[in-house]
Amino acid sequence: MGKPNFIDKFMKIGGAFIVHGWCERYQPGDQLVITSDGQDLQTVTRAIHRPDLPSYFDAASSFWGFRAYGIDDGVKSLPATGIGIRFANGERIASLATACVPLDDHAAHRVWANFIAEVNENGGRLLEIGSRARSGSTIREQLNNNVEYIGVDIAEGPNVDIVGDAHYLSKHVEKPVDFVCSISTFEHFLMPWKVAIEINKILLPGGKVFSHSHQTWPDHDVPFVFSGFLIRPGAAFLMLIPGFKSER
């Protein structure tokens, strides 16, 4: 018989699976495996302290929590069945297919869709921070002809118009912009508050900023990952900044 367990949250965005939960059998250091239609996904497991569980079980239950991340680059659409999570020895914890959150229904997607719609409707200059194309798709492709796109990144690469440090953004961007966006970039800034100040310097009055980041995700681009902050995993926030022209 399986041990007591519960899946608090399961999300799938593209080929990324995120599972939060707890299991009596789980101990810190155990590796879990997310499966999709019988195929094992590359999975990273993190132990999560659960101070809520001892209210229902014993003191040791505070160590039952886990967060698992699975990656399958070949999965681009949401499967209806066949998603699960198990221990490395094969013991199944749960089937997860019925808990899927379709991407189109996710808050982050809706906020982004509304932002892009407003950009395309109004036109102007849009600057993306962290624009280097490493996934094969770019924001530039979503924009109408009335939008001037400027891609800024710390390193040269595809879809990069300006190479520069976002902490000194106003020194690299000469003309003010109407919109600024960044996706999964703010966690790589040593001083994100300074980047926000720099954005304010180049943004026109009434301009808008979309920034999407995540609170928890496996380490990536080490050592240049400094913080997981501001929002829940997979959530989005729309930051409105009254832009002004700065003296340089």
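Using C-alpha pairs under 8 Å with a sequence gap of at least 6, the mean separation divided by the residue count of the stretch 1-57 gives a relative contact order of 23 percent. Nonpolar atom fraction for the stretch 1-61, defined as the carbon and sulfur part of the 1.4 Å probe accessible area, stands at 52 percent.
Of interest is the spacing of the C-alpha centroids, which for the stretch 178-210 and the stretch 8-78 amounts to 33 Å.
The values are calculated or read from the model by the stated rules, or taken from the named source; none is laboratory data. Just so it is clear, the model here is predicted, and its values are computed rather than measured. Note: areas computed on protein heavy atoms with side chains; ligands, DNA, RNA excluded. Shrake-Rupley method; radii C 1.70, N 1.55, O 1.52, S 1.80 Å.
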